[in-house]
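Presented below is the structure to which this report refers.
All of the numbers you see were taken from the coordinates with simple rules; none came from a lab. Note that this is a predicted model, so its numbers are computed, not measured. Cβ atoms come from the backbone with ideal geometry, glycine included; neighbour counts cover every protein chain shown.
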Amino acid sequence: MYADDIKIYKTIKSTADTERLQTAIEVINRWSNSWELPLAIEKTHVLSIGNCPADVTYYIGDVKLENVEEVRDLGYTINSNLDFGQHYKNLVNKAMGITYNMFKILKTKDVNVLIRAYKTYIRPIMESGTTVFNPYKQKDIDLLESVQNNFTRKVFIRCSGIDYSSIPNSTERSKQLGLPTLRSRRTKNDLVMMYKILTGTIDIDAAEFFMFAPRTTSRSGGLRLPESVAKSQIRSKFFSHRTIGLFTPLLRDGVLNMSVNRFKLYLDHRLEAQQ
């Protein structure tokens with residue numbers, strides 16, 4: 001439950017489970033009415049994930065709730081397959097529009113000014129919440145990267161004075177402009193989040209995400225992170241699974257004893273060397 005956002009969810013294995021979920025909806029509805037905070041029924045939907053019965057109907061009072069295949073929630077667009085494909089398209093469309101307007105408004109040929117504007121107004125759009133939606137399909141990775149590729153192409157056209165056919169490829173453009181790929185920055189965001197969870201920097205119980213095993217090596221902080229086996233491809237790409245294999249080798253460098261700022265610098269050097 002958030003200040004103005006409520007979710008009710010339950011694993012459905014039987015008819016009794018659907019009845020319990022309906023009961024929970026009724027309890028929330030009574031509570032909201034008693035506090036004169038009526039639910040926005042027109043904004044309330046049912047999203048079934050997995051092999052749930054498709055013919056189950058839920059109600060708020062006498063109003064039948066709409067079953068949907070896709071919802072936009074807290075800024076994320078997600079569907080019943082836990083796929084963020086539409087979310088990626090929304091991000092790219094928004095970022096491309098801002099890029100177009102930025103070059104239309106800013107007449108400067110100063111590369112540093114354009115890069116600063118990109119880092120301020122465009123890149124944050126692509127990076128908000130990446131620990132939630134970090135893509136694993138190459139087509140989605142390429143789609144998100146197209147935003148930075150589009151920006152660097154426009155920079156070269158405006159500032160270098162070279163012919164379009166002579167513009168370097170996207171990798172070389174980003175390198176010359178000192179811009180890491182968006183993919184590498186998403187990896188960094190994953191690793192920083194894991195660092196914060198393991199060090200208790202943020203209030204998330206690490207045991208809910210990871211298994212722990214003792215290790216005698218002091219540099220690792222006495223910690224070992226055994227990798228668990230995912231039961232599905234989707235599960236294997238969730239934050240805890242995709243990050244653990246990347247983070248474990250870092251333990252040998254004593255990263256859990258670093259400050260968060262030092263850890264970020266450490267990652268910058270490590271990821272730069274891998275590109």
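Structure summary
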{"item": "Whole-Hz ³J(HN,Hα) from phi, Karplus 6.51 cos²θ - 1.76 cosθ + 1.60, for region 79-86, glycine and proline x", "result": "10, 5, 9, 6, 10, 9, x, 5"}
{"item": "Per-residue HN-Hα couplings for region 4-19 [Karplus 6.51, -1.76, 1.60; θ = phi - 60°; Hz; x = Gly/Pro]", "result": "9, 8, 10, 10, 10, 9, 7, 6, 9, 10, 7, 4, 4, 5, 5, 5"}
{"item": "Average projected area [Cα convex hull, the chain], square nanometres", "result": "19.3"}
{"item": "Cα coordinate range in region 13-111, projected on the principal axes (Å, largest first)", "result": "65, 36, 18"}
{"item": "Three semi-axes of the equivalent ellipsoid, region 15-68, Cα gyration tensor, whole Å, largest first", "result": "21, 13, 8"}
{"item": "In nm, spacing of pseudo-spin labels at Gln233 and His45 (7 Å Cα→C-beta vector)", "result": "2.4"}
{"item": "Given Lys94/Lys237; Lys13/Lys64; Lys94/Lys137; Lys104/Lys137; Lys64/Lys139, the pairs whose alpha carbons are separated by over 28 Å", "result": "Lys104/Lys137; Lys64/Lys139"}
{"item": "Built amide H within the under 5 Å cut-off of Ile60, gap 5+", "result": "Leu65"}
{"item": "Set of lysines with alpha-carbon distance to Lys107 below 17 Å, sequence-local pairs under 8 removed", "result": "Lys154"}
{"item": "Cα-based reach from Lys196 at 13 Å (exclusive), listing aspartates and glutamates while leaving out same-chain residues under 8 positions away", "result": "Asp205"}
{"item": "Low-density loop positions, GluC sites (Glu not before Pro), region 66-113 - DSSP coil, at most 11 other Cβ in 10 Å", "result": "Glu69"}
{"item": "Amide H contacts of Thr77 (H built 1.01 Å from N, under 5 Å, at least 5 apart or other chain)", "result": "His87"}
{"item": "From phi via Karplus (6.51, -1.76, 1.60), per-residue ³J(HN,Hα) for region 192-205 in Hz, x at Gly/Pro", "result": "5, 4, 5, 4, 5, 5, 5, 8, x, 5, 10, 7, 10, 6"}
{"item": "Amide H within-cut-off set for Val46, under 5 Å, with H built and near neighbours excluded", "result": "Glu66, Asn67, Val68"}
{"item": "Normalised convex hull volume, region 85-179, alpha-carbon set, Å³ per residue", "result": "101"}
